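Working notes, beginning with the structure itself.
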Amino acid sequence: MRIGFIGLGNMGSAMAANLLKAGHDVTVYNRSRGKVDELAEKGAVPAASVADACGGDVVVTMLANDEAVEGVAFGDGGIVASLAPGTTHVSSSTISPALAERLTAAHAEAGQHFIAAPVFGRPEAAAAAKLFVIAAGPPAPMQQVSDVFDAIGQRTFVVSEQPSAASLVKLSGNFLIMSVIEALGEAMALVGKAGVDKHQYLDILTSTLFAAPVYQTYGGLIASGQFEPAGFAATLGQKDARLVLKAAEDLNVPMPLASLIRDRFLALLARGGADLDWAAIGALSAWEAGGAPPTGN
């Protein structure tokens, strides 16, 4: 399959590399050139512009936020203007349901297809092609791009024919991860101040009540105070908390815990934690209890 890939950050570069490994013809575009050159050495074709990445069967975007996706999707030389009729835009970015709806309408008007396919998994999962893909869109194009999902992930969940549903499911999942991080941080602050070893405490939790990977991964980061390099930056966590609350407001769903967690991210950002992993909100409670501030050490 001829695939254009736009957005080569921590996640996107690994996903594009796995598409190459699976034998696809991949054309890559990124604002900064370094990641493009790295993938070119692996067989990717560099694109000089967004339009140059839109000449194949499908274009995949993996970008940081709504604004970045809007910037490459709309306007002269954007994806909507550049894709051929009948081809597909797959957005693996975590975006608002409202933007997913706007993209669905714009691509339909241009005779193209749009599929929302955000993923669960950190950069190490992306590198190992072990992501979980949450996909939504029309059945026929979904079937046509199934090889893309097989190359980047271990399982694909098709949740709806309406792309916005995948965006909402992804945001709700990220909200749950944030909630786990905050709860772990508060519990570890409590037992840690009493002298209990945090790593031993985590072993107890994950060997008994909470064996899920989310507790193991984020509990380990909090116990070690290891928040750099950021697998998922705190600024992105704050963005997702904001998008969750906007979706909840649109649907008249009260989410008081989401409001609290949004404020925890704001507290972290206000104290200079923008470049830390979003797990660093789990260190705020210990800091407020008299411990050291969250750092990358």
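The values are calculated or read from the model by the stated rules, or taken from the named source; none is laboratory data. Keep in mind it's a predicted model, so treat the numbers as computed, not measured. Heads up, the Cβs are rebuilt from the backbone with ideal geometry, glycines too, and the neighbour counts pull from every protein chain shown.
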ask   = Within the group LEU8, LEU20, which residue is of a type outside the set (D, E, K, R), part of a loop (DSSP other than H, G, I, E, B) and either outside the structural domain of VAL148 (by TED's automatic domain parsing) or touching a helix residue (DSSP H, G or I) at 6+ places or on another chain (Cβ under 9 Å) (or both)?
value = LEU8
remark   = All-but-one check, ASP147 against (1) surrounded by 19 or more Cβ atoms within 10 Å (Cβ to Cβ); (2) outside the structural domain of LYS198 (by TED's automatic domain parsing), failing number (1)
task = Check region 37-49 and report whether any residue there is closer than 27 Å to THR104 by Cβ and among the β-branched types (Val, Ile, Thr).
result = no
ask   = Only one residue in ALA51, ALA47 is assigned by TED's automatic domain parsing to the domain that holds LEU83 and surrounded by 19 or more Cβ atoms within 10 Å (Cβ to Cβ). Which one?
value = ALA47
message = For region 75-102, give me the residue count where each residue is surrounded by 15 or more Cβ atoms within 10 Å (Cβ to Cβ) and either more than 18 Å from the chain's Cα centre (by Cα) or of a type in the set (Lys, Arg) (or both).
response = 10
ask   = Restricted to region 262-297, and to residues that are surrounded by fewer than 24 Cβ atoms within 10 Å (Cβ to Cβ) and of a type in the set (Asp, Glu), which residue is nearest to ALA223 (Cα to Cα)?
value = GLU288
Scope region 6-23; condition touching a strand residue (DSSP E or B) at 6+ places or on another chain (Cβ under 8 Å) and surrounded by 22 or more Cβ atoms within 10 Å (Cβ to Cβ); matching residues = ILE6, GLY7, LEU8, MET11, GLY12, MET15, ALA16, LEU19
ask   = Only one of ASP147, ASP197 is more than 29 Å from LEU266 (Cα to Cα), of a type in the set (Asp, Glu) and modelled with pLDDT of 95 or more; which?
value = ASP147
Matching option when the condition is under 16 Å from VAL90 (Cα atoms) and not in a helix (DSSP H, G or I), among ALA165, ALA135, ALA140, ALA151 = ALA135
inquiry  = Quick check on LYS246: is it in contact (Cβ under 8 Å) with a residue 12 or more places away in the chain, within 24 Å of THR94 (Cβ to Cβ), out of contact with any helix residue (DSSP H, G or I) (no Cβ under 8 Å at 6 or more places or on another chain) and not acidic (Asp, Glu)?
reply    = no
request  = Show the residue pairs that are 6+ apart or on different chains and have beta-carbon atoms under 6 Å apart, the first residue being within region 188-201 and in the same structural domain as SER224 (by TED's automatic domain parsing), the second being in a loop (DSSP other than H, G, I, E, B).
outcome  = ALA189/ALA289; LYS193/ALA289
remark   = If you go through GLY86, GLY75, GLY43, the only one that is in a loop (DSSP other than H, G, I, E, B), modelled with pLDDT under 95 and over 27 Å from GLY237 (Cβ atoms) is GLY75
